[in-house]
Amino acid sequence: MIAPEHRLRRVLVIDDEVGPRESLRILLKKEYEVLCADSVAKGLELLQEKQPDVVVSDIRMPGMNGIEGLRNIRKLDPEVPVIMLTGYGMLETAQEAIRLGANDYMKKPFDAHEMLAVIRRNVERGDLMRRREQSLKTLEDLNKQLLDEIAQKSRLASMGQASAELVHDLRNPITIILGYVQLLAQDLNQNAIHHASLPPDTSDYMDAIEQNVKRCKDLIESWLDLSRNQRMTLKPLNLNEVMAEIIAWAKPMALSKRAVIECRLPAQPVGILGHDIQLKRALQNIIGNALDAIPESTSGHILVEGSVQDGQARLVISDNGEGIESEHLPHIFEPFYTKKSGGRGTGLGLFITQKIIQDHGGDISVHSIRGEGTRVTLTFPML
């Protein structure tokens, strides 16, 4: 469970000695809700009852010691960060605790500033781990929902193309999610033992994961609406804001391609009637195609230009990629037509895009020269 933002984070201190226990309570009470236990058994009870965000436990205690307590903590909560307190001459025991799943250890007597820094870092790490788990659970739930929905349909043949479109659209956000999960896992693993702050990008990675999980959820809901024959409802949108969000979405893919996306949009809002999710599908397909077209040996450049003329909003997206051969241009909007090699394309991107733009009362045209690049022009009626 993700810790609610409105409450103080909880720190559970387990130590049979009143001195260190009280020192920690006084040190932490301004920033955290501090729970104290004078034995491992009482600490385990508080762990189940209060679900703390961080546990600080002494290693040497009578009865059940800290190492045994750590084993039980990990059975009850595999994710909660645990910091072990070790006395002089017990370094090997502290290292054993790390092997058993502790996240940090501190030597007694501890430095107050260092202890605060370690607590803060582990509270942040715990939040990120829980957010990651929640995102993964959401993906699993969405996958189950989708499979259950498909299993209940008796018109699978007629829905075949719609299903293929959904798979096509989900590939991009899922690829981004997996990439950010790998980056996040690397950051957490590299900082799990050493007393080092989490890299500044770690929180951004988690934000991107959550945004793309939401995107998958929105795509599935949109697809289910269409499968139930619910018409697309258009609402007022600012085309500049939608385009800016797509460019932010494409940033990690552009970095991997050593590509730069340059954007020149009107200073004033550009109002159109649109469907937020469907319009983003179309624009993501175009930007994704532009990035795919950039050879590995080339520094890519994508230019997005917006303008307003005669009651029409106009977007022109140009790239310096490989371009399209002239004999293929007449077929690019046909479903399942693709010239991408190695199974990289489904042949549905531009077919989906054209259909969405037309549903918005707009138009799409593509001009391309092999070896020089491609220019895609979109027009929409303005409000």
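The values are calculated or read from the model by the stated rules, or taken from the named source; none is laboratory data. Worth saying up front: this structure is predicted, and the values here are computed from it rather than measured. Here Cβ is always computed from backbone atoms with ideal geometry, including for glycine, and neighbour counts include all displayed protein chains.
Below are the figures for this structure:
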{"item": "Residues satisfying the stated conditions in region 233-256, i.e. aliphatic (A, V, I, L, M), surrounded by fewer than 16 Cβ atoms within 10 Å (Cβ to Cβ) and under 17 Å from the mean Cα position of the chain (by Cα)", "result": "248, 255"}
{"item": "Residues being part of a helix (DSSP H, G or I), among the hydrophobic types (A, V, I, L, M, F, W, C) and within 19 Å of residue 382 (Cα to Cα) - total across region 275-308", "result": "4"}
{"item": "Of all residues in region 279-303 being buried (at least 22 other Cβ atoms within 10 Å of the Cβ) and among the hydrophobic types (A, V, I, L, M, F, W, C), the one that is farthest from residue 335 (Cα to Cα)", "result": "302"}
{"item": "Residues satisfying the stated conditions in region 309-321, i.e. in contact (Cβ under 8 Å) with a residue 40 or more places away in the chain, out of contact with any Asp or Glu (no Cβ under 9 Å at 6 or more places or on another chain) and not in a strand (DSSP E or B)", "result": "311"}
{"item": "Residue match in region 283-305 (condition: of a type in the set (Ser, Thr, Tyr) and touching a strand residue (DSSP E or B) at 6+ places or on another chain (Cβ under 9 Å))", "result": "yes"}
{"item": "Region 16-44, residues that are basic (Lys, Arg) and under 17 Å from residue 112 (Cβ atoms)", "result": "21, 25, 29, 30"}
{"item": "Some residue of region 118-126 being at pLDDT below 90, closer than 20 Å to residue 18 by Cβ and not aromatic (Phe, Trp, Tyr)", "result": "no"}
{"item": "Subset of region 365-383 that is crowded, with 16+ Cβ neighbours inside 10 Å and free of Cβ contacts under 8 Å to residues at least 60 places away in the same chain - its residue that is farthest from residue 283 (Cα to Cα)", "result": "368"}
{"item": "Test: residue in region 239-255 that is out of contact with any Phe, Trp or Tyr (no Cβ under 8 Å at 6 or more places or on another chain), outside any helix (DSSP H, G or I) and at pLDDT 90 or above", "result": "no"}
{"item": "Which numbered condition residue 79 fails, given (1) in contact (Cβ under 8 Å) with a residue 24 or more places away in the chain; (2) among the acidic types (Asp, Glu); (3) farther than 22 Å from residue 132 by Cβ", "result": "(3)"}
{"item": "Condition check for residue 13: under 33 Å from the mean Cα position of the chain (by Cα), farther than 30 Å from residue 136 by Cβ and either at pLDDT 95 or above or among the aliphatic types (A, V, I, L, M) (or both)", "result": "yes"}
{"item": "Tabulated pairs, region 241-265, first in contact (Cβ under 8 Å) with a residue 12 or more places away in the chain and more than 18 Å from residue 315 (Cβ to Cβ), second among the hydroxyl-bearing types (Ser, Thr, Tyr) and assigned to a helix (DSSP H, G or I), C-beta under 8 angstrom, 6+ apart or interchain", "result": "252/180"}
{"item": "Single unsatisfied condition, residue 46 versus (1) assigned to a loop (DSSP other than H, G, I, E, B); (2) at pLDDT 95 or above", "result": "(1)"}
{"item": "Residue match in region 334-355 (condition: modelled with pLDDT under 90, in a helix (DSSP H, G or I), within 25 Å of residue 248 (Cα to Cα) and touching a Gly at 6+ places or on another chain (Cβ under 8 Å))", "result": "yes"}
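Table: residues versus (1) free of Cβ contacts under 8 Å to residues at least 40 places away in the same chain; (2) under 28 Å from the mean Cα position of the chain (by Cα).
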| site | (1), (2) |
| --- | --- |
| 50 | no, no |
| 73 | yes, no |
| 119 | no, yes |
| 124 | no, yes |
| 141 | yes, yes |
